[in-house]
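**Q** Take a look at the following structure, please.
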Amino acid sequence: MDLGIAGRVAIVTGASAGIGYAVADELLANGASVLVVARNEARLNQAAEKLLGRKGAKVATLAADVAKPESAEIIVGKSIEAFGGLHILVNNAGRAHAGGLMNSSEEDWEEMTGVKLTSMRRMCKAAIPHMQKAGWGRIVNMSSIGGIYPNPKLFVSHVLSAAINNLTKSLAMEVAKDGILVNAIGIGAVATDNWTNNMVPAVRRARQEFSTLSDDDVIARISAELTPVGRAGTAREIAAIAAFLSSDRNGFVTGDTIEASGGADRFM
Ligand SMILES: NC(=O)c1ccc[n+]([C@@H]2O[C@H](COP(=O)([O-])OP(=O)(O)OC[C@H]3O[C@@H](n4cnc5c(N)ncnc54)[C@H](OP(=O)(O)O)[C@@H]3O)[C@@H](O)[C@H]2O)c1
């Protein structure tokens, strides 16, 4: 399927690894120019090198922390400078926080709110004037299945995911008249560094019987137990949905949170 985005300009935050990298690669494969953003410059440059391996790929990089107040304007400014416009924004940077209300700290809440929710609000606000000028825009916000089906073991992440879904719907109604469609993806368990670093330790604490398993085997076991399709998802599977939502082939889906969880309503 031709997504009709050749020549469009995209920003993907958190694009040096995992789902964000796969989204950037998918958009490039469809002829978009992509600004990839993440904090660690060395890892970002390595990712960009790999992405540039795709024939004709137009990639720019910016090392930035989306949680910083000034970052949104700087990131959007870089897209205009590098590619002369902005049509697609994929708000993907972030991670999970495992724990309930009683074992999450003020710092956890502040940090997670900054990187997941506040950064999205700022990025959307900075990006939308350029999409309005172009008369066409697509925004995809990475959320969690827990924004729809909350799991108290992931309190902070899931409260913020519900807020992201609400932001998505509200903003979609505000900008539909401008040709801008805004959607979220309610992601289930997808095997990335995020899962290994932030989820596996919590699963191990709760499940002593997993102590001899490798991290990959822990993910496989927990996914087989909780996911109807019997496995964790892949970054490529989420990227395919993000690419469709970012494309000209999507003209009628907006304000939605697409459930992409292999049928699961929880992943821990
Ligand atoms: N994997 C899952 O099962 C799952 C489930 C539900 C939701 N999600 C959401 O999907 C998104 C992608 O997750 P993933 O699993 O692909 O994570 P990942 O593999 O850990 O990759 C995260 C990416 O975001 C970047 N990043 C993190 N914090 C950042 C910040 N403050 N500013 C800029 N870049 C930042 C990281 O690079 P640097 O560290 O160098 O900045 C990296 O490129 C996240 O928002 C996550 O919450 C994932």
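**Q** How tilted is helix 215-226 with respect to the longest principal axis of the chain? Cα atoms for both, answer in degrees (0 to 90, nearest 10).
**A** The helix 215-226 is inclined about 90 degrees to the chain.
**Q** Also, I was wondering about something else. So which trypsin sites (Lys or Arg not before Pro) in region 1-90 are both in a DSSP loop and have at most 14 other Cβ atoms within 10 Å of their Cβ?
**A** Filter output for region 1-90: 54, 55.
**Q** Just to check, using Stokes-Einstein with a Kirkwood Rh over alpha carbon pairs, what's the diffusion coefficient of region 81-122 at 10 °C and 1.306 mPa s in µm²/s? Before the final figure, lay out the partial values.
**A** Numbers: Rh = 12.4 Å.
For these conditions, the coefficient is 128 µm²/s.
**Q** Could you state how much accessible area residue 258 has, in square angstrom rounded to the nearest 10, with a 1.4 Å probe and all protein chains kept in place?
**A** About 50 Å², rounded to the nearest 10.
**Q** If 1, 268 are ordered by their accessible area, calculated over protein heavy atoms with a 1.4 Å probe, which sequence runs from highest to lowest? Walk me through the numbers before you get to the answer.
**A** Values: 1 150, 268 25 Å².
Putting 1, 268 in descending order of accessible area: 1, 268.
**Q** Before I look further, what does the chain give for accessible area per residue, probe 1.4 Å, in whole square angstrom? Display every interim value, and only then the final one.
**A** Details: 12040 Å² over 268 residues.
Per-residue accessible area for the chain comes out at 45 Å².
**Q** Please provide three numbers in whole Å: the alpha-carbon extents of the chain along the principal axes, with the largest listed first.
**A** 55, 38, 35
**Q** Placing +1 at every Lys and Arg Cβ and -1 at every Asp and Glu Cβ, with all other atoms neutral, what dipole size does the chain have around its Cα centre, in debye to the nearest 20? Display every interim value, and only then the final one.
**A** Working: 27 positive and 27 negative charges, 83 e Å.
That gives the chain a dipole magnitude of about 400 debye.
**Q** Give me the Debye-computed log₁₀ of I(q)/I(0) at q = 0.13, 0.27, 0.28 Å⁻¹ for region 89-150, equal point scatterers on Cα only, no solvent, two decimals.
**A** Normalising to I(0) and taking log10 leaves -0.45, -1.19, -1.23.
**Q** Excluding residue 86 itself, calculate the net charge of residues whose Cβ lies under 14 Å from the Cβ of residue 86, where each Lys or Arg counts +1 and each Asp or Glu counts -1. Don't jump to the answer; show the numbers that get you there.
**A** Values: positive: 8, 58, 78, 125, 133, 138; negative: 73, 81, 178.
Taking every Cβ under 14 Å from that of residue 86, the sum is +3.
**Q** Kirkwood hydrodynamic radius of region 1-156 from all distinct Cα pairs, in Å?
**A** It works out to 16.1 Å.
**Q** Separate question: Taking all protein chains in place and a 1.4 Å probe, what share, in percent, of the accessible surface of region 15-76 do carbon and sulfur account for?
**A** Values: 1310 of 2890 Å².
Reported share for carbon and sulfur atoms: 45 percent.
**Q** Per the 1.4 Å probe, what fraction of the accessible area of region 203-250, in percent, lies on carbon and sulfur atoms? Mind showing how you got there, number by number?
**A** Numbers: 1330 of 2580 Å².
Carbon-and-sulfur percentage of accessible area, whole number: 52.
**Q** Mind checking which lysines have their Cα closer than 28 Å to the Cα of residue 153? Skip sequence neighbours fewer than 8 apart in that chain.
**A** The reachable lysines, counting only those whose Cα sits under 28 Å from residue 153, are 68, 116, 169.
**Q** How compact and how long is region 122-268, expressed as Rg and Dmax of its alpha-carbon atoms in Å?
**A** In order Rg, Dmax, the Cα atoms of region 122-268 give 17.1, 57 Å.
**Q** Oh, and also: Using only Cα atoms, find the angle between the long axis of helix 18-29 and the longest principal axis of the chain, and express it within 0 to 90 degrees, rounded to the nearest 10.
**A** Here the helix axis deviates by roughly 30 degrees.
**Q** A further question follows. Considering the options 87, 71, 22, tell which one lies farthest towards the positive end of the dipole of region 1-157, charges being +1 on Lys and Arg and -1 on Asp and Glu at the Cβ, about the Cα centre.
**A** Of the candidates, 87 comes out farthest on the positive side.
**Q** Per DSSP H run of at least 4 residues, take -39500 (n - 2.57); add these up for the chain, divide by its residues and hand me the 222 nm value, nearest 500 deg cm²/dmol.
**A** Working: 9 runs with 111 residues, N = 268.
After summing the helix terms and dividing by the residues of the chain, the value is -13000 deg cm²/dmol.
The values are calculated or read from the model by the stated rules, or taken from the named source; none is laboratory data. Being a predicted model, the structure only gives us computed values, none of them experimental. All Cβ positions, glycine included, derive from the backbone under ideal geometry; neighbour counts span all protein chains shown. Note: areas computed on protein heavy atoms with side chains; ligands, DNA, RNA excluded. Shrake-Rupley method; radii C 1.70, N 1.55, O 1.52, S 1.80 Å.
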